[in-house]
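Here is the structure we will look at, set down as structure tokens.
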Amino acid sequence: MVPSSVLIRELPDGGHEFVLEDPVLDSIVVDDAVTLRFGRTDVTVCGTCTIEVDGVEHRLDPRIPDSLAPLLSTYPGSARWLWASPAGGLTLVMMQGQRLVVPEPVVRSAWSVATSPAMIGDQGRPPPART
């Protein structure tokens, strides 16, 4: 089992803060969802959301690839703060000022913060030492 790569703290309002082990954004994966990979942690968004870049809000939809271009402004970058509201919305603020917001979900699986599946099993083990 891979140890958790994110610390979850309960906030006074009942929300949760996610403290990433590695806040540097390594990659952005687009398939039927959008996954932002921070070291061993994946932040995955499965539905529509918004991103604010330089004061302009853009609507993103993982099912519409043309809508995702503003998301590229987060790379390269680092996460500053990641939290979930008590109602289930998710907000990610990047050090460069971008703000990704997943609204309160219609379904519980609108987003996730979890250890990357790529880090499970042999892929998650460090390479053998060379002599």
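Quick notes
- Number of positions in segment 57-77 that are assigned to a loop (DSSP other than H, G, I, E, B) and under 16 Å from residue 95 (Cβ atoms): 3
- Failed criterion for residue 46 (all others in (1) surrounded by fewer than 17 Cβ atoms within 10 Å (Cβ to Cβ); (2) within 23 Å of residue 116 (Cβ to Cβ); (3) not hydroxyl-bearing (Ser, Thr, Tyr) hold): (1)
Matching residues to (1) touching a Ser or Thr at 6+ places or on another chain (Cβ under 8 Å); (2) within 12 Å of residue 111 (Cβ to Cβ):
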{"position": "47", "(1), (2)": "no, yes"}
{"position": "53", "(1), (2)": "yes, no"}
{"position": "68", "(1), (2)": "no, no"}
{"position": "78", "(1), (2)": "no, no"}
{"position": "86", "(1), (2)": "no, no"}
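- Here residue 39 clears all of (1) under 17 Å from residue 95 (Cβ atoms); (2) modelled with pLDDT of 95 or more except the condition numbered (2).
- Pairs with Cβ under 8 Å, 6+ apart, first in segment 101-124 and within 10 Å of residue 45 (Cβ to Cβ), second part of a helix (DSSP H, G or I) and modelled with pLDDT under 85: 102/110
- Leading residue by the ranking (surrounded by the fewest Cβ atoms within 10 Å (Cβ to Cβ)) among those in segment 51-100 that are among the acidic types (Asp, Glu) and touching a residue at least 12 places away in the same chain (Cβ under 8 Å): 54
- Hits in segment 72-117 (condition: modelled with pLDDT of 95 or more and charged (D, E, K, R)): 80, 99
- Scan of segment 5-56 for residues that are in a loop (DSSP other than H, G, I, E, B), of a type outside the set (A, V, I, L, M, F, W, C) and closer than 16 Å to residue 84 by Cβ, ordered by number: 12, 13, 14, 15, 47
- From the list 8, 64, 28, the lone residue that is of a type in the set (Val, Ile, Thr) and in contact with a His (Cβ under 6 Å, 6 or more places away or on another chain) is 8.
The values are calculated or read from the model by the stated rules, or taken from the named source; none is laboratory data. Keep in mind that what you see is a predicted model, and the values were worked out from it rather than measured. Because the Cβ atoms are built from the backbone with ideal geometry, glycine has one as well, and the counts that use them run over all protein chains shown.
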